[in-house]
Amino acid sequence: MSWSLATYAAGGTAGLGVLREDGTLVAPAGLKRWATAMELLADWPAAEPLLRDLDIEDAPPVEADSLLAPLRWPRKVICAGVNYRRHVREMGGEIPADGWRPFFFLKAPTTSVIGPHDPIVVRDAARARYDWEAELAVIIGTAGKDIDAERAVAHVAGYCVANDVTARGYHRRDVVPTDAFAYDWFAAKSMEGSLPLGPGLTPAFLVRDPQDLRLRLWVNGELQQDESTADMISPVAELVAAASQVVTLEPGDVIITGTPSGVGAGRGRYLRGGDVVRVTIDGLGTLENTVKEN
């Protein structure tokens, strides 16, 4: 039975539970030793074997007010860009014949992340041109630096669904001192509330193959993205290894692994107030966020 670690709000406080495949939220006794998902990840070597033996079937249900992001305050959010073959082509690029290295940027970790049903609040929508990007998120459980690709997945605690909302209108600046400053990744990627994450954290031992997952995204019920993670240029293991060459990966770090084709920018379509964005990764769950203009 598939399940995920979920963070929920009940009576004004946050709790850690399990979201079952049927949508039921339960509180297995084995989770009581950790107050938050970040505490659990910091104790991952001890936590993983206990999670494998959790009693999900007979755990008592939880009456929650809402689901929160599974990791409310990640240490780092590392994002892989242009990592799907068809997406590279739809954005007018070509995959280099050799010498390919993953490309990364950052999102602000504590202000970008929102929950699986929280509103995506946009400001100055016409100018900012907010776009959708369905992505697989990788959650680090074991710290490491200069990790070999062959053992990289051993550092992964789990996976969840992400939407890397991007303000395309802020990405390229018109007034710059030199061409080196033409692109503003911070403004485009770190707008507040620009990373819906969830609905829970599915442990890696429940995911048979992260390169065989189907991602789909709808806007107002219209399918926009539909792709397999098999289309990634650099698979999860290579991304984890490459990121660790730059920074030490720590428990609770999030690596989002790039988006497939079907983004709005290629067709001049962007999010507006009232739009409903739904993202599903088979086996991991669904995000559904309504866009609100501020």
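The values are calculated or read from the model by the stated rules, or taken from the named source; none is laboratory data. Just so it is clear, the structure is predicted and the values come from calculations on it, not from any experiment. All Cβ positions, glycine included, derive from the backbone under ideal geometry; neighbour counts span all protein chains shown. Ligands, DNA and RNA are stripped out before the accessible areas are found, and what is left, the full protein with its side chains, is counted by its heavy atoms. Shrake-Rupley method; radii C 1.70, N 1.55, O 1.52, S 1.80 Å.
Here are a few things to note about the model shown:
- When segment 181-217 is filtered for residues that are open to solvent by less than 30 Å² (accessible area, probe 1.4 Å), under 22 Å from GLU293 (Cα atoms) and of a type in the set (D, E, K, R), only LYS189 remains.
- Test: residue in segment 78-99 that is touching a Leu at 6+ places or on another chain (Cβ under 6 Å), within 30 Å of ALA230 (Cβ to Cβ) and among the small types (Gly, Ala, Ser): yes
- When restricted to residues that are more than 20 Å from TRP73 (Cα to Cα), in contact (Cβ under 8 Å) with a residue 24 or more places away in the chain and within 20 Å of the chain's Cα centre (by Cα), segment 1-60 contains 3.
- Among the residues making up segment 134-169, those that are in a loop (DSSP other than H, G, I, E, B) and open to solvent by less than 10 Å² (accessible area, probe 1.4 Å) are GLY141, ILE147, ASP164, VAL165.
- On inspection, ASP131 fails the criterion of being on the phi > 0 side of the Ramachandran plot, among the charged types (D, E, K, R) and over 12 Å from the mean Cα position of the chain (by Cα).
- Flag for ASN220 being over 23 Å from ALA69 (Cβ atoms) and either free of Cβ contacts under 8 Å to residues at least 60 places away in the same chain or open to solvent by 20 Å² or more (accessible area, probe 1.4 Å) (or both): yes
- Residue in segment 23-43 that is in a strand (DSSP E or B), open to solvent by less than 40 Å² (accessible area, probe 1.4 Å) and closer than 21 Å to LYS189 by Cβ present: no
- Among the candidates LEU50, LEU16, residue that is at pLDDT 95 or above and more than 24 Å from THR110 (Cα to Cα): LEU50
- Complete set of residues in segment 262-281 that are over 13 Å from ILE120 (Cα atoms), open to solvent by less than 40 Å² (accessible area, probe 1.4 Å) and either part of a loop (DSSP other than H, G, I, E, B) or not hydrophobic (A, V, I, L, M, F, W, C) (or both): GLY262, VAL263, GLY264, THR280
- Of all positions in segment 11-22, none carries a residue that is under 30 Å from PRO119 (Cα atoms), assigned to a helix (DSSP H, G or I) and either open to solvent by 30 Å² or more (accessible area, probe 1.4 Å) or of a type outside the set (D, E, K, R) (or both).
- Residue count for segment 60-81 under the criterion of being part of a loop (DSSP other than H, G, I, E, B), open to solvent by 10 Å² or more (accessible area, probe 1.4 Å) and either at pLDDT 90 or above or in contact with a Ser or Thr (Cβ under 6 Å, 6 or more places away or on another chain) (or both): the result is 8.
- Residues of segment 109-127 satisfying the condition of being in contact with a strand residue (DSSP E or B) (Cβ under 9 Å, 6 or more places away or on another chain), within 16 Å of PHE186 (Cβ to Cβ) and modelled with pLDDT under 95: PRO109, ARG123
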